[in-house]
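Just below is one structure, and these are the notes that go with it.
The values are calculated or read from the model by the stated rules, or taken from the named source; none is laboratory data. What you are looking at is a predicted structure, and each value in this text was computed from that prediction instead of being measured. Please note: Cβ atoms are built from the backbone with ideal geometry, for glycine as well, and neighbour counts cover all protein chains shown.
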Ligand SMILES: NC(=O)c1ccc[n+]([C@@H]2O[C@H](COP(=O)([O-])OP(=O)(O)OC[C@H]3O[C@@H](n4cnc5c(N)ncnc54)[C@H](OP(=O)(O)O)[C@@H]3O)[C@@H](O)[C@H]2O)c1
């Protein structure tokens, strides 16, 4: 048994690699550069270059489980499907897809993650579709500059509350379904232990950092401009993110996710206060 970790140099993938290493499970990291932080082994793999799809199986023919993080491109499903089919033909039986809390219900049912899920069902693969809410780690990536230099976070979410989940908890949930003896065949929501609005999150930052951090309520135009600059995509894509995802938070979408039945969710352990303390240098002037 070997587990292939696509996105293995990223936030959740690298933490998953550490968990697998500590528990002595064999794994291999897929990365565009074919390199990963020591001591992990990596293989060159690019979703946008199908000639690299054989590489993991040449490097390790015993791969039988895969952690899937698809590429953020419009034709994601067309990129991922051929790799799933190749992997299945090579003996891979279990696929664990990192999706998002609302991905299977957004965009009229044609979200690429939904198509991937339907494809896994149609070929008879074992699966787990992980559906995390908003990452706590966004504070260290999306908001690191504005917290550090301008003492604010910003959003269109108004008073909408989010059970921010740490990628450490996402990695643990992925680990659990990847190494489980029986096929998980589930789609759990992944949430953190507490619901916080951005105003409340800013208060936790203020307490821990010892300086005033505020929540700036962006206009729609400001938020669209932000997404466009950060993600480099089309204006239409930035509008979609602002209108769907941020607005849905304002309307309570993530509270509904947090309040789902315990059998449908995994509740992580990392609280925002502990996350800020552990990453304090990221936020200090
Ligand atoms: N942020 C949130 O609040 C949130 C919430 C819900 C769901 N999500 C989902 O979480 C996923 C991101 O997970 P993450 O934060 O753990 O990852 P991440 O830190 O964004 O890292 C992404 C990884 O993908 C790899 N990658 C990028 N382009 C690639 C390509 N063309 N071919 C092969 N590999 C490629 C990169 O590796 P190399 O550079 O080494 O190739 C990188 O390690 C996304 O699908 C996002 O939709 C995010």
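Scanning region 75-99 for residues that are over 13 Å from residue 113 (Cα atoms) and within 11 Å of the ligand (Cβ to nearest atom) gives a single hit, 83. The requirement of being within 16 Å of the ligand (Cβ to nearest atom) and part of a loop (DSSP other than H, G, I, E, B) is fulfilled nowhere in region 168-178; no residue meets it. If I ask for residues that are part of a helix (DSSP H, G or I) and within 14 Å of the ligand (Cβ to nearest atom), which ones from region 12-28 would you list? Once the filter is applied, which keeps residues that are part of a helix (DSSP H, G or I) and within 14 Å of the ligand (Cβ to nearest atom), region 12-28 yields 12, 13, 14, 15, 16, 17, 18, 19. Just one of the listed residues (9, 72) is modelled with pLDDT under 95, out of contact with any helix residue (DSSP H, G or I) (no Cβ under 7 Å at 6 or more places or on another chain), part of a loop (DSSP other than H, G, I, E, B) and near the ligand (Cβ under 8 Å from one of its atoms), and it is 72. Exactly one residue out of 64, 49 is surrounded by fewer than 18 Cβ atoms within 10 Å (Cβ to Cβ) and more than 13 Å from the ligand (Cβ to nearest atom), and it is 64.
So residue 31 fits all but one of (1) closer than 21 Å to residue 125 by Cα; (2) modelled with pLDDT of 95 or more; (3) crowded, with 16+ Cβ neighbours inside 10 Å; (4) within 14 Å of the ligand (Cβ to nearest atom); what number is the exception? Among (1) closer than 21 Å to residue 125 by Cα; (2) modelled with pLDDT of 95 or more; (3) crowded, with 16+ Cβ neighbours inside 10 Å; (4) within 14 Å of the ligand (Cβ to nearest atom), the lone unmet condition for residue 31 is (1).
Residue-by-condition table, conditions (1) in a strand (DSSP E or B); (2) surrounded by fewer than 22 Cβ atoms within 10 Å (Cβ to Cβ); (3) in contact with a strand residue (DSSP E or B) (Cβ under 9 Å, 6 or more places away or on another chain):
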position	(1), (2), (3)
105	no, yes, no
116	no, no, yes
119	no, yes, no
128	yes, no, yes
142	no, yes, yes
145	no, yes, no
